[in-house]
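> Below is the structure I would like to discuss, written out as structure tokens.
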Amino acid sequence: MLPLGSELFAVADRMRAMVAAQGKNDMLRGKILANVFFEASTRTSCSFQAAMLRLGGDVLPLNESGSSAKKGETLGDTIRCLECYADVTVLRHPLVGSAAAAAAAARKPVINAGDGVGEHPTQSLLDLYTIRDELPDHSLAGKTIALVGDLKNGRTVHSLAMLLAKYAVALQFVAPPSLQMPQHVKDEVAAISARHGTAVTFTEHEALAEVGGACDVMYVTRVQKERFATEAEYEAVKGVLVVTPATMAVARPAMALMHPLPRVGEILESVDDDPRAAYFRQMENGLYVRMALLALVMGVEGC
Ligand code: NCD
């Protein structure tokens with residue numbers, strides 16, 4: 001099993017302390033990040049941008065409407081262009097596999113910031129960092145983690161399930177039947193667990209009540225409206241799984257309630273003041289983990 005205190009997390013801890021003490025430094029002075037978002041984003045885009053700025057670097061932002069993708073340019077050509085001007089590219093794109101395709105075309109590092117319904121690996125790193133912080137004993141061994149919501153279309157839960165498979169955890173997948181975890185992700189979770197000898201188990205559920213009192217982490221996601229073919233299909237499943245004060249009343253006293261955000265009603269605002277509501281701390285952690293990622297990807301010594 002991997003240690004939970006990886007090098008990345010140790011660097012992220014130091015980034016957190018640095019930001020608290022002095023706001024920014026010059027670690028990446030002279031470096032430029034191409035921040036390419038061809039799908040909507042608030043947290044991922046802004047935290048990568050803030051991470052670069054707090055390390056003294058600069059940012060070249062690009063969205064689809066302002067880019068030559070509108071004129072029919074291929075993604076490979078766009079990436080090859082940007083790396084003439086920048087040192088690292090962060091890419092969010094609607095197509096599964098787009099980040100891998102971009103990385104294959106590139107000479108410089110490409111970081112996947114979400115490829116359609118595929119994966120969102122930097123989110124799962126900040127999620128794991130948050131889980132480590134929030135659990136009272138800072139250990140994942142023997143813990144139960146519920147992933148709740150649109151497990152079919154949600155890339156955050158795909159990446160998180162695969163990352164958690166490296167630890168000896170029990171996973172609970174909670175979703176309406178039509179939005180359950182895809183078979184290819186479950187197969188990958190089993191393969192990763194076998195490789196790491198972690199004996200991860202997973203169970204599938206439809207109702208929050210089946211898991212609510214028995215998990216150490218409850219990770220909630222929104223129903224991904226933009227992935228549905230019709231509004232009617234979305235309407236049929238939205239609002240089925242909602243965390244309320246009543247959910248929290250039966251939850252474990254030290255449970256961490258997480259959400260990658262944005263939320264659209266699946267955690268009521270009346271839950272926000274509960275000390276177990278970790279999603280705003282999780283969001284802040286995204287800055288420190290992405291600062292650490294950028295410093296390590298750029299090969300900064302002693303960061
Ligand atoms: C997520 C995403 O874009 O996949 N948001 C994020 O990056 N924090 C989750 C979502 O959009 O539901």
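> Build a GNM of the chain with springs between Cα atoms under 10 Å: which of His93, His196, His120 gets the top mean-square fluctuation?
Among His93, His196, His120, the largest mean-square fluctuation in the Gaussian network model of the chain belongs to His196.
> Hey, another quick one. Using all Cα-Cα distances in region 79-206, what percent lands in each 10 angstrom bin from 0 up to the longest?
For region 79-206, the pair-distance distribution reads 13, 38, 31, 15, 3.
> Once you've got the GNM for the chain with C-alpha springs shorter than 10 Å, pick whichever of Glu284, Glu119, Glu231 has the biggest mean-square fluctuation.
Glu231
> What net charge do the residues around Thr244 carry, taking every other residue with its C-beta under 15 Å from that of Thr244, with Lys and Arg at +1 and Asp and Glu at -1?
That sum, taken over residues with Cβ under 15 Å, equals -3.
> On to the next question. HN-Hα J couplings of region 174-186 from phi, Karplus 6.51/-1.76/1.60, θ = phi - 60°, integer Hz, Gly and Pro as x?
Each residue's phi maps through the Karplus curve to give 10, 7, x, x, 6, 10, 5, 4, x, 4, 5, 6, 4 Hz.
> Hey, got the dipole for region 121-282? About the Cα centre, +1 on K and R Cβ, -1 on D and E Cβ, debye to the nearest 20?
It comes to approximately 440 debye.
> Please work out the ratio of the alpha-carbon Rg of region 7-83 to 2.2 N^0.38 Å and round it to two decimals.
1.31
> Let me ask you something else. Hey, got the dipole for region 23-172? About the Cα centre, +1 on K and R Cβ, -1 on D and E Cβ, debye to the nearest 20?
Taking the Cα centre of region 23-172 as origin, the dipole is about 180 debye.
> Here is a further query. With +1 on each Lys and Arg Cβ and -1 on each Asp and Glu Cβ, and nothing else charged, work out how big the dipole of region 1-96 is about its Cα centre, in Debye to the nearest 20.
The calculation lands at about 240 debye.
> Rank Phe280, Cys46, Ala102 by how far each Cα sits towards the positive end of the charge dipole of the chain (+1 on Lys, Arg Cβ; -1 on Asp, Glu Cβ) and give me just the farthest.
Positive-end residue among those listed: Ala102.
> Among Lys166/Lys225; Lys166/Lys186; Lys143/Lys166, which pairs are too far apart, with a Cα-Cα distance over 22 Å?
Lys166/Lys225
> Express the C-alpha Rg of the chain as a ratio against the empirical globular expectation 2.2 N^0.38 Å, rounded to two decimals.
1.00
> Which of the listed residues, Thr247, Phe228, Gly265, is farthest toward the dipole's positive end in region 121-282, when Lys, Arg count +1 and Asp, Glu count -1 at the beta-carbon?
Phe228
> Could you give the length gained on full extension between Ala191 and Glu235, defined as 0.36 nm per residue of separation minus the Cα-Cα distance, in nm?
Difference between extended and current length: 12.4 nm.
> Hey, for a label at Ala17 modelled as a point 7 Å past Cα toward Cβ, could you say which residues of region 104-136 have their backbone N under 19 Å away?
Taking a point 7 Å out along Cα→Cβ of Ala17, the residues of region 104-136 whose backbone N falls under 19 Å are 129-130, 132-134.
> What distance in nm separates the simple spin-label points at Asp26 and Leu268, each placed 7 Å from Cα in the Cβ direction?
Distance between label points: 5.3 nm.
> For the chain, set up a Gaussian network in which alpha carbons nearer than 10 Å are linked by springs, and say which option among Gly265, Gly213, Gly30 fluctuates the most.
Gly30
> Under the rule of -39500 (n - 2.57) per DSSP H run of 4 or more residues, summed and divided by the residues of the chain, what mean residue ellipticity at 222 nm is obtained, to the nearest 500 deg cm²/dmol?
Rounded to the nearest 500, it is -12000 deg cm²/dmol.
> Within 9 Å, Cβ to Cβ, of Lys108, how many net charges do the neighbouring residues add up to if Lys/Arg are +1 and Asp/Glu are -1?
Its environment carries a net charge of -1.
> If you fit an axis through the alpha-carbon atoms of helix 121-134 and take the longest principal axis of the Cα set of the chain, what angle between them do you get, 0 to 90°, nearest 10?
50 degrees
> Using alpha carbon coordinates only, what is the Rg to Rh ratio of region 167-218, with Rh defined as the Kirkwood radius?
0.99
> How are the Cα pair distances of region 121-282 distributed, in percent, across 10 Å bins from 0?
In order of increasing distance, the bins hold 11, 43, 36, 9, 0 percent.
Every read-out reported here was derived from the displayed coordinates using simple, explicitly stated rules and does not represent laboratory data. All values derive from a computational prediction rather than experimental measurement. Note that we place each Cβ from the backbone using ideal geometry, even for glycine, and neighbour counts take in every protein chain shown.
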